[in-house]
């Protein structure tokens, strides 16, 4: 079984998230993609984060393609950090080939995540290009530190079976939706 783990706040979930998940599923030939809706991103203010149930419902409405699963696994297992989630899932499902999926916007700040180097050593990583950030992401501290482990996008379908560290940067059509822009629009309409 080849499973993508797509974590995030999904605050709010939008078509850009679906684009990242579907692109990774298709290009990596994954059986499933699990959207791991974070109870609370430690790098983001809690007062700006919508209720978990609301974010789960919004993600479920978008993750309607075949093989997409929306999960509150992090809340159920009590994981606060991605590294803990990845390790728990690998221990529980040792025969599954997991791949961490992220948008290029996450790669740009990946070095701020707790245990980011360990994440790269635990599971292969697929990064899907996002507008306005692709260049910054490719020169981010994480991309530079793991540059020699980057595989050509032509090998994307092989990534789930590769020993970590291994990662790919997947280019393709952009989806311009952004949670930050959507939240800002909501703030302006409330004012």
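Only the coordinates and a few stated rules stand behind these numbers; no lab work does. Owing to the predicted nature of the structure, the values given are computational and were not obtained by experimental measurement. Virtual Cβ from ideal backbone geometry, glycine too; neighbours counted across all protein chains shown.
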For the chain, the longest principal axis of the Cα atoms and the Cα long axis of helix 82-92 enclose an angle in degrees, to the nearest 10, of 60 degrees
Mean Cβ count within 10 Å, highest first, over the residues of peptides 103-113, 143-153, 40-50 | 103-113, 143-153, 40-50
Could you work out how far helix 179-190 tilts from the main Cα principal axis of the chain, as a 0 to 90 degree angle to the nearest 10?
-> 0 degrees
On alpha-carbon atoms, Rg over Rh for the stretch 1-74 using Kirkwood Rh?
-> 0.97
Residues 96, 70, 20 arranged by fewest to most Cβ contacts within 10 Å | 96, 70, 20
Treating every alpha carbon of the stretch 41-123 as one equal point scatterer without solvent, the Debye formula yields log10 I(q)/I(0) values at q = 0.12, 0.26 Å⁻¹ of -0.42, -1.49
Correct option for volume of the Cα convex hull per residue in Å³ [calculated from the coordinates] among (1) 112; (2) 100; (3) 152 = (1)
Amide N of the stretch 4-25 lying under 15 Å from the label point, which is placed 7 angstrom from the Cα of residue 64 along Cα→Cβ | 14-16, 18-19
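Calculate, in nm to one decimal, what residue 132 and residue 47 gain on full extension: separation in residues at 0.36 nm each, minus their alpha carbon distance.
27.9 nm
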The chain: relative contact order from alpha carbon pairs under 8 Å, six or more residues apart, as a whole percent, is 25 percent
